[in-house]
Amino acid sequence: MKKVVFGVAAVAALSGLASAAPYVIDFDTDANGNAIADGTWISNQYAAWGVTFVPNVLDPNNGWATNTDMTATSTDVGNGYLPAMGNVLHSFGGWLNEDGDPNFAMIFDQAISSISVTFIGDSDNLSELDLYDIDGNFITGGVVSGGGINGKTVSFSGLNNARIALVLPGWFLDWVAVESITFEYVPAPGALALLGLGGIFVGRRRR
């Protein structure tokens, strides 16, 4: 079923993040290395990495939730959870009280080149990741594959203009959490130039 991003506000201007190194969102620590307490609502804890979380971006008239739970927790957990996972994005009580299928968006300050989302507790293989450009135009998407109830992943790479990631964790009558999210930015032109200079300097010899 085709999905269209609903109600996402305009995002901030480019932040200048040039690194292509992967960023890992594990819901245990924020972008500045500060611990995230159990029961914390996830929104802008990773803004320093150029990404914010926005729940309920899809039209509720089509069966989507208006009260998606965005709690990071290691205590209010359900099927598929392992203690080594630490915090996951999902409150067991909150998920089952939603008024439709849960959905949230990750809005990036600049284009990403890859993204991977790992879900736990998904026994129905319904968890999905869809990618859009900054104007809300669909790029690509897919549902989880492989793995087991302790971890199923959706991954995309080779991207060049994806700025919105729409995350659909299962449906409103199951228990599905997001265990981790890994992403990389498309290197800025300046970063690519620096990489080229690095190659020049590495190859230089004293005469």
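Bear in mind these aren't lab numbers, they're just calculated from the coordinates by the rules spelled out. Computed from a predicted structure; not experimentally measured. All Cβ positions, even for glycine, are placed from backbone atoms using ideal geometry, and neighbour counts span all protein chains on display.
Data table
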read-out	value
Residue-span extension gain [Asp99 to Thr182] - 0.36 nm each, minus C-alpha spacing	27.0 nm
Kirkwood-Stokes translational diffusion coefficient of region 65-176, alpha-carbon pairs, 37 °C, 0.692 mPa s, µm²/s	228 µm²/s
Where a label projected 7 Å from the Cα of Asn160 along Cα→Cβ would reach, residues of region 77-118 with amide N under 18 Å	110-115
Region 129-143 - phi-based ³J(HN,Hα) in whole Hz, Karplus 6.51/-1.76/1.60, Gly and Pro as x	10, 10, 10, 9, 7, 5, 8, x, 7, 5, 10, 6, x, x, 9
